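Here, each number is a calculation from the coordinates, and none is a lab measurement. Please read all numbers here as calculations on a predicted model, not as lab measurements. A quick note on method: Cβ atoms are made from the backbone with ideal geometry, for glycine too, and the neighbour counts reach across all protein chains shown.
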Amino acid sequence: MLCIEAKSIFRSYGNVTAVDGIDLSVESGKIFGFLGPNGAGKTTTMKLLTTLIPPSSGSITILGIDASRHPLDVRKKIGVVLQQPSYEPTLTVEKSLEKYGMMWDVDAKTRRKRVEELLTAFDLQDIRKKKNDDISIGQRRRVQVAREFMHDMDLLFLDEPTAGLDPSARRGLLDYIKGKVRDGLTIFFTTHILEEAEYLCDEIAIINRGKIIAVDTPDELKNKFGREKTIKIRIGKVEQDLSSILQEVGDYDILHDEGTVITIHSADSEQVLVKILQVLQSNNITIEDLSVVPTSLEEIFLTVVKNSNESNISSGK
């Protein structure tokens with residue numbers, strides 16, 4: 001079942017087209033990552049999907065509801081954590097959670113239970129009596145995300161939810177999100193931290209200049225766009241000038257840091273490796289270690305966006 005279905009949606013601001021005819025399909029019970037460089041159209045797309053702004057054209061269906069015709073019905077079933085900070089400065093952490101539950105008409109017994117659960121899950125117990133104005137930016141962000149879980153929802157939009165969090169808090173939040181998805185929640189997730197998307201998301205869309213340029217699982221994106229592989233060769237002490245003896249071989253770098261490492265980064269890395277091994281062997285140079293470094297999602301992202309930009313330039317756009 002599709003939780004989000006957007007067809008040919010456009011959104012313009014004057015002469016600027018922020019979202020340029022995109023299609024999106026998000027299955028229920030999944031974590032859908034939405035990635036793109038600054039100014040690519042991520043925030044505008046999220047505002048469209050959460051009914052904060054209407055599309056210039058196209059259709060959006062959220063949880064089976066026509067979002068343009070029935071935006072209030074959509075808002076009753078979703079949660080939204082935007083990138084902009086949002087907190088009640090004079091309220092304590094626990095009162096903020098309590099207030100949010102009251103706003104969503106959660107009964108008193110359930111509110112108390114959820115407040116305690118969220119204070120524990122988001123490691124907020126020690127600051128529960130502190131006012132939001134008196135806690136750190138990272139702690140406020142944790143409160144901002146935690147309070148969204150005070151109410152029941154079928155779909156949650158998270159826009160850079162881990163901004164300002166330390167690595168431990170970040171991983172705790174991501175694991176909490178994973179647990180909620182196992183319980184049936186669907187997540188629409190934007191981030192600039194590509195390791196997060198790789199760790200969390202079932203499927204990823206990459207947007208650039210208002211257009212979707214790739215959609216697939218993290219593994220399939222790597223298979224499609226990760227043709228370049230990185231191979232590292234650590235060698236023993238050498239007297240020869242490596243640059244000189246490897247001058248016939250391309251696509252490599254030499255790094256002298258706690259030993260000598262030759263790094264190959266190429267779409268033809270295996271062929272380059274064979275050539276380098278032949279040269280090293282003929283010069284009696286000992287190989288201490290050889291390793292293949294998997295292509296990261298960040299490398300895929302940079303490749304896809306770069307190819308998209310080059311395509312736009314060549315077509316005169």
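Cross-link list Lys30/Lys113; Lys30/Lys306; Lys178/Lys232; Lys77/Lys211: which exceed 30 angstrom alpha carbon to alpha carbon?
Numbers: Lys30/Lys113 26 Å; Lys30/Lys306 28 Å; Lys178/Lys232 34 Å; Lys77/Lys211 27 Å.
Violating the 30 Å Cα-Cα cut-off are Lys178/Lys232.
Tell me the trypsin sites (Lys or Arg not before Pro) within segment 226-304 that lie in a loop according to DSSP and have at most 16 other beta-carbon atoms within 10 Å.
Arg227, Lys237
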query = What is the set of long-range amide H partners of Ala18 at a cut-off below 5 Å, with H atoms built 1.01 Å from backbone N?
reply = Arg11, Ser12, Tyr13
key: Val293 long-range amide H proximity, modeled H, under 5 Å   = Thr230, Ile231, Lys232
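So for Glu195, Glu5, fewest C-beta neighbours within 10 Å to most, what's the order?
On the way: Glu195 13, Glu5 16.
Lowest to highest Cβ neighbour count: Glu195, Glu5.
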message = If neighbour count is taken as other Cβ atoms inside 10 Å, put Glu196, Glu88 in order from fewest to most.
response = Glu88, Glu196
request  = Report P(r) for the chain: all Cα-Cα distances, bin width 20 Å, range 0 to the bin holding the largest distance, values in whole percent.
outcome  = 27, 45, 23, 5
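Just rank Arg142, Arg170, fewest to most, by other beta-carbon atoms within 10 angstrom.
Numbers: Arg142 26, Arg170 20.
If I rank by nearby Cβ atoms, fewest first, I get Arg170, Arg142.
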note = HN-Hα couplings for segment 185-200 via Karplus (6.51, -1.76, 1.60; θ = phi - 60°), in whole Hz with x for Gly/Pro, come out as 6, 10, 10, 10, 10, 10, 7, 9, 9, 5, 5, 5, 4, 5, 6, 9
